[in-house]
1. Could you list the GluC sites (Glu not before Pro) in region 87-158 that lie in coil according to DSSP, counting only those with at most 15 other Cβ atoms within 10 Å of their Cβ?
2. What ranking do 55-64, 28-37 get when scored by the average of other Cβ atoms within 10 Å per residue, highest first?
3. Excluding ligands, DNA and RNA, what is the solvent-accessible area per residue of region 62-118 at a probe of 1.4 Å, expressed in Å²?
4. List the equivalent ellipsoid semi-axes of the chain in whole Å, largest first, each obtained as the square root of 5λ for an eigenvalue λ of the Cα gyration tensor.
5. Could you tell me the relative contact order of the chain? Use alpha-carbon pairs under 8 Å, at least six residues apart, and round to a whole percent.
6. Taking just the alpha carbons, could you work out the radius of gyration and Dmax for region 86-158, both in angstroms?
7. Rounded if a/c is under 1.5, else prolate if a/b is larger than b/c, else oblate: which is region 72-126, with a ≥ b ≥ c the root eigenvalues of its Cα gyration tensor?
8. Given a 1.4 Å probe and every protein chain left where it sits, what share in percent of the accessible area of the chain is carbon and sulfur?
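The values are calculated or read from the model by the stated rules, or taken from the named source; none is laboratory data. No experiment lies behind these values; they were computed from the predicted model shown. As a convention, Cβ positions derive from the backbone with ideal geometry for all residues, glycine included, and neighbour counts pool all protein chains shown. Surface accessibility is based on the protein's heavy atoms, side chains included, excluding ligands, DNA and RNA. Shrake-Rupley method; radii C 1.70, N 1.55, O 1.52, S 1.80 Å.
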Amino acid sequence: MTAPPAARQLATVHAFTQRFSSTPLGARLARQLALIQLHAWGIPHGCDASDRTAVVVAELAANAVTHGRVPGRDFELRLSLPTGSLRIEVTDTRAERLPPGPGGVVPARPLDERGRGLALVEAMVDRWEVLHRNPPGKTVLAEIDLPRWLSVVRRIPG
């Protein structure tokens with residue numbers, strides 16, 4: 001495993017930020033718009049990075065809606081392309097319910113109905129972490145390495 005995302009030097013080229021209602025519909029819309037944005041950046045539907053992003057955004061958005069929901073408050077999705085990777089950030093306003101961080105996810109038992117989301121995230125990304133946010137809240141930040149990052153960035157209109 002490489003250094004955590006916060007320790008890397010970043011030069012963000014492009015970013016997408018959107019707030020969504022803390023509802024199942026908001027979580028679905030977050031996943032759909034993430035894939036549309038990736039496609040606009042030259043990361044086509046059905047490629048490895050797009051498929052991994054779909055799983056990660058779906059799980060993190062569902063967690064924000066299920067575990068991080070504060071009535072009347074939205075959650076936020078941010079996608080960016082720091083050098084060499086795709087960064088996914090999902091922020092909610094619930095500070096007292098922090099998920100376990102990397103390496104702290106306990107595998108679900110076979111008959112458990114819950115508890116697989118962060119295990120999926122951990123399996124799909126190259127790095128991730130949980131960050132406290134001020135004002136109160138938390139952000140789950142995940143990165144997926146893009147081996148051909150430079151070719152993606154060159155296709156994005158300035």
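1. For GluC sites (Glu not before Pro) across region 87-158 that sit outside H, G, I, E and B with at most 15 neighbouring Cβ atoms in 10 Å, the list reads 96, 113.
2. In decreasing order of mean packing, 55-64, 28-37 become 55-64, 28-37.
3. 55
4. Equivalent-ellipsoid dimensions as semi-axes: 24, 17, 16 Å.
5. It rounds to 27 percent for the chain.
6. Reported Rg and Dmax, both Å: 15.4, 50.
7. Judged from the Cα gyration tensor, region 72-126 comes out oblate (a/c at least 1.5, b/c at or above a/b).
8. C and S atoms contribute 54 percent here.
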